[in-house]
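Reviewing the structure listed below.
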Amino acid sequence: MIRAEWTKFRSVRGWVAGIVVAFAAIIGLGLAGAYGIQQDCMGQICPAPPVGPGGEAVRDKFTFVHQRLDGDGELTAHLAAFTGIITYPPPNHDSIVSGLVPWAKAGLMVKDGTKEGAAYAAVMMTGHNGVRLQHNFTGDEAGPATAQWLRLARSGSTVTAYSSADGAAWTTVGSVTLTGLPASVDIGFFVTSPSDITSKDSPRGGNIVQARFTQATAVFDRVDRTGAWTLTKVGDTGEQTDWQKYHKADGLTQAGGRLSVTGSGDIAPAGHEGGPTIDFTLTGLVVALIAVIIVGALVITGEFRRGLIRTTFTAMPDRGRVLAAKAAVLGAVTFVPALVATAIVVPVASRVLHSHHVTLLPASAGTQIRVVVGAALLLSLAAIFAYALGAALKRGTIAIALAVVLVVVPYLLATTSLLPAGAGRWLLRVTPAAGFAFQQVLPAYHQVTLPYTPSDGYFPLAPWAGLGVLAAWAAAVLGLAVLRARRSDA
């Protein structure tokens, strides 16, 4: 049956042409999109975001007051005060609110130098999330709800964090291993405060995101280490907000054994604000998707319209096996060319973007493979879904329209800010458009405050779970088509 269906498929020029159109759209539009964009920062090449020890793009901007630590050692200090301010943009630029954003951070850090992206471990008090042990940008471990004393101890490549309410009874927050940590590192105090980001639904659809400058100040005393302290503004580009120009800037004040440290920024993985990701190279995916949907529906409805399905069922009486064989052939002839096309366009378009000084955020080899394979699976499953609709409804136009409405339209509505973020997430959970989740390259982190909406490249389901939803829709409708074929006349 499969051999017969393959022979039938390759003998129909229109069906083959549809697959060729999908192949050409993936490569052609992907390269056109890459050639059509160029990044420029005031006449200079835009700097790439720093990269953390795990290979991910990171934000590494904070005030660091440090000294060298050769070999093993520890640092203990009392956090005497932790305060902050939040400024508001025009027209309320003079409105300044006292307070700390939830992920403002102040504490003790061991870091492999002061270079952005260098390995580190830190124990900290946060604005609203208690004591945390964080390391290498993505690691986060919760400690007590509050503490006035912090301690960080280094032993070889292991760093252990402690906290205490009174400086006498200590609680172990956790330990981390920093692979490759050199014998000589920097140890000291740090303060940082990310932007105050809020998101609300827009009356015109989508959401309105605002980011307000914040600044935090921490006062450390009863420090158990002596010697001179060095101030470094890690990740500081020299740019300042109006608040920083005319008010207290990030820095250090020392008096009477107390160190007052002020800082802004964040120490965390970068989101999509850091630049485009490799899924940007798949701009032709929607056009290719529509092409394979049309082919998928016509593969079966053309036989119904011309009455040729009766001949097929006469030659092969088991109607369920016939429909399954057609689905297998359609899935294969869609998946293989799509896999080849995406495997070509992702690296080639990435090189084109790089030549135009557009830096794609780094992605692991596993993520790149998942994006390539996921795109091919999306097209293959969507084609089978459209085919199953055609087999169940026996009407090509209706099957094509319904498949586009269920697969393509929810994705466009959710990712182009035409719907509130909540409605977009709902659509991408329950409709076949959930399969687009394979495109998510950057994970969402609980310790990073961002909108995490579909329009920002974040999907409500994990990549393989989203493709599983699409596969479930295709299987369910195909099962319905088989039941109808067995119970009705061709």
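The values are calculated or read from the model by the stated rules, or taken from the named source; none is laboratory data. Just so you know, these numbers come straight off a predicted model, no measurement behind them. Counting neighbours? That spans all protein chains shown, and the Cβs are built from the backbone with ideal geometry, glycine included.
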### Query
Name the residues in segment 262-298 that are at pLDDT 80 or above, part of a loop (DSSP other than H, G, I, E, B), under 17 Å from the mean Cα position of the chain (by Cα) and small (Gly, Ala, Ser), would you?
Ala270, Gly271
### Query
Out of segment 245-272, which residues are touching a strand residue (DSSP E or B) at 6+ places or on another chain (Cβ under 9 Å) and surrounded by fewer than 18 Cβ atoms within 10 Å (Cβ to Cβ)?
His247, Lys248, Ala249, Gly251, Thr253, Gln254, Gly256, Gly257, Arg258
### Message
Looking only at segment 16-43, how many residues end up being surrounded by 18 or more Cβ atoms within 10 Å (Cβ to Cβ) and modelled with pLDDT under 90?
### Response
2
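Looking for something buried (at least 24 other Cβ atoms within 10 Å of the Cβ) and either among the hydrophobic types (A, V, I, L, M, F, W, C) or farther than 30 Å from Leu100 by Cβ (or both) - is there at least one such residue anywhere in segment 443-452? Break it down into steps so the answer makes sense when it comes.
Start the filter on segment 443-452 by keeping residues that are buried (at least 24 other Cβ atoms within 10 Å of the Cβ), which leaves none.
Taking every residue of segment 443-452 in turn, none turns out to be buried (at least 24 other Cβ atoms within 10 Å of the Cβ) and either among the hydrophobic types (A, V, I, L, M, F, W, C) or farther than 30 Å from Leu100 by Cβ (or both).
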### Query
If you take the residues in segment 178-228 that are modelled with pLDDT of 90 or more and among the aromatic types (Phe, Trp, Tyr), which one is nearest to the chain's Cα centre (by Cα)?
Phe190
#### Entry: For Thr87: the one exception among (1) modelled with pLDDT of 85 or more; (2) within 30 Å of His128 (Cβ to Cβ)
(1)
### Task
Filter segment 171-202 down to residues that are touching an Asp or Glu at 6+ places or on another chain (Cβ under 7 Å) and either loosely packed, with under 14 Cβ neighbours inside 10 Å or without any contact (Cβ under 8 Å) to a residue 40 or more places away in the chain (or both), then give me how many there are.
3
### Query
So which residues in segment 415-438 are crowded, with 24+ Cβ neighbours inside 10 Å and within 23 Å of Thr367 (Cα to Cα), if there are any at all?
Leu428, Pro432, Ala433, Ala434, Gly435, Phe436, Ala437, Phe438
#### Entry: Where Tyr162 falls short, out of the listed (1) surrounded by fewer than 24 Cβ atoms within 10 Å (Cβ to Cβ); (2) part of a strand (DSSP E or B); (3) modelled with pLDDT under 95; (4) not polar (S, T, N, Q)
(3)
### Message
Looking only at residues that are farther than 16 Å from Ala324 by Cα and of a type in the set (Phe, Trp, Tyr) in segment 458-488, which one is modelled with the lowest pLDDT?
### Response
Tyr458
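Restricting to helices (runs of 4 or more DSSP H) lying wholly in segment 299-410: which have 2 or more residues that are of a type in the set (S, T, N, Q), at pLDDT 95 or above and buried (at least 20 other Cβ atoms within 10 Å of the Cβ)?
Working: elements: 308-315, 319-355, 365-393, 396-403.
Passing ranges, in order: 319-355.
Taking Ser155, is it under 24 Å from Arg222 (Cα atoms), buried (at least 23 other Cβ atoms within 10 Å of the Cβ) and hydroxyl-bearing (Ser, Thr, Tyr)? Working first, answer last.
Working: under 24 Å from Arg222 (Cα atoms): yes; buried (at least 23 other Cβ atoms within 10 Å of the Cβ): no; hydroxyl-bearing (Ser, Thr, Tyr): yes.
Answer is no for this residue.
Quick test for you: out of Ser364, Ser355, Ser380, pick the one residue that is touching a Phe, Trp or Tyr at 6+ places or on another chain (Cβ under 9 Å) and under 27 Å from Ala32 (Cα atoms). If you could, list the steps in order and put the result at the bottom.
Working: Ser364 fails: touching a Phe, Trp or Tyr at 6+ places or on another chain (Cβ under 9 Å); Ser355 fails: touching a Phe, Trp or Tyr at 6+ places or on another chain (Cβ under 9 Å).
None of the other options fit; the residue is Ser380.
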